[in-house]
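Asker: Below is one structure. I have some questions about it.
The values are calculated or read from the model by the stated rules, or taken from the named source; none is laboratory data. As the structure is a prediction and not an experimental result, all values here were calculated from the model. Every residue, glycine among them, receives a Cβ derived from its backbone with ideal geometry; neighbour counts consider all protein chains shown. Surface areas here come from the heavy atoms of the whole protein model, side chains and all, with no ligands, DNA or RNA. Shrake-Rupley method; radii C 1.70, N 1.55, O 1.52, S 1.80 Å.
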Amino acid sequence: MGPDLNLLRMFLAVAETASFRAAADALGVTRSAVSQGIRRLEDGLGVALVQRSTRSVRLTEAGERLHRQVAGPLRTVAGALEEAVDDGPPRGLLRVHVSSIAERFLSGPLVAGFAQAYPGIVLDVTVSDEPIDIVAAGFDAGVRLGEVIEQDMVAVPLTGPQRQVAVAAPGYVEAHGMPHHPRDLVHHRCIGWRPAPGVAPYRWEFSEDGREYDVAVDPQVTTNDLRVMLTTALAGGGITFALEENVRPWVQSGQLVPMLRDYQAPFAGFFLYFPSRHNQPRKLRALVEHVRSFRERE
């Protein structure tokens, strides 16, 4: 006889939270029950799935393989069972992976409105710019720019087209002048972005006479955090490059000065995306409808 599905659910929760306690909270059981369940699963399979310490839980190589193999199918089964038996309000844990620059999703009103409208859904938002397979990583949905979403995903528009813009504080412009062409940026102090340690800084993208190109600005300050980019620019630390909607409040107040706008072409904006399934969980459908209505109201 194969492993109990409940034990696999426990394993999935441990794998995705890296914690027996967090897994127990998500499943509504005790920490001891999760620990004993994982032990029974390991005994049944005859292989260790997790490495335990007083401070952390980490998957073994066998555990990593099992997680990759069962995460998607288990979520499909869970969605189908939820459809079959759930005739009440949407409920359950909904995990969403969101880009750190998705201002429309992260700014507050969208999430707050969703929480108010669906009190039975626990929304777990992970903010990260690392490229991941949301299915393999155990997420129900993600929010990213349209140009980087896999073609086999269903994508629902969250915003309209976006545009990037270079900005700096008025004091920096007074002291160092205004670049008049993207090639002038190599003579300025720039504040750049990178998705993760060890990854080259993002090359700033421009468009001229219908031709798209990028500039390696060799930033003096580099970070993976939008807030650090903005606060450094606001303090006069240099020129930074961000989505227009991320900097709009400071541009409107005059705290940041936009530049090189003639070299910025619009591109596809942000989308809520998720795998195509016949049986979509009601909690995910609720988020999709909320995103659609939120966009219509703006």
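Asker: For the chain, what's the relative contact order in percent, using C-alpha pairs closer than 8 Å and at least 6 residues apart?
Answerer: It rounds to 22 percent for the chain.
Asker: What does DSSP give for the range 164-263 in terms of the percent of beta bridges that are antiparallel, rounded to the nearest 5?
Answerer: Looking only at bridges with both residues in the range 164-263, the antiparallel portion is about 70 percent.
Asker: How large is the accessible surface of His67 in square angstrom, using a 1.4 angstrom probe and rounding to the nearest 10?
Answerer: Roughly 20 Å² of His67 is accessible to a 1.4 Å probe.
Asker: Let me ask another. How big is the range 144-247 by the Kirkwood estimate over distinct Cα pairs, in Å?
Answerer: Kirkwood hydrodynamic radius for the range 144-247: 15.0 Å.
Asker: If you scale each eigenvalue of the Cα gyration tensor by 5 and take the root, what three semi-axes come out for the chain, rounded to whole angstrom and sorted largest first?
Answerer: 43, 22, 17
Asker: With unit charges on the beta carbon (Lys/Arg positive, Asp/Glu negative), name the residue among Val288, Ala175, Tyr202 whose Cα is farthest towards the positive pole of the charge dipole of the range 143-298.
Answerer: My answer, from the dipole projection, is Val288.
Asker: Mind ordering 102-108, 280-286 by average Cβ neighbours within 10 Å, highest first?
Answerer: Final packing ranking: 280-286, 102-108.
Asker: So what is the 222 nm mean residue ellipticity for the chain from helices alone, if each DSSP H run of at least 4 adds -39500 (n - 2.57) and you divide by all residues, rounding to the nearest 500 deg cm²/dmol?
Answerer: After summing the helix terms and dividing by residue count, I get -12000 deg cm²/dmol.
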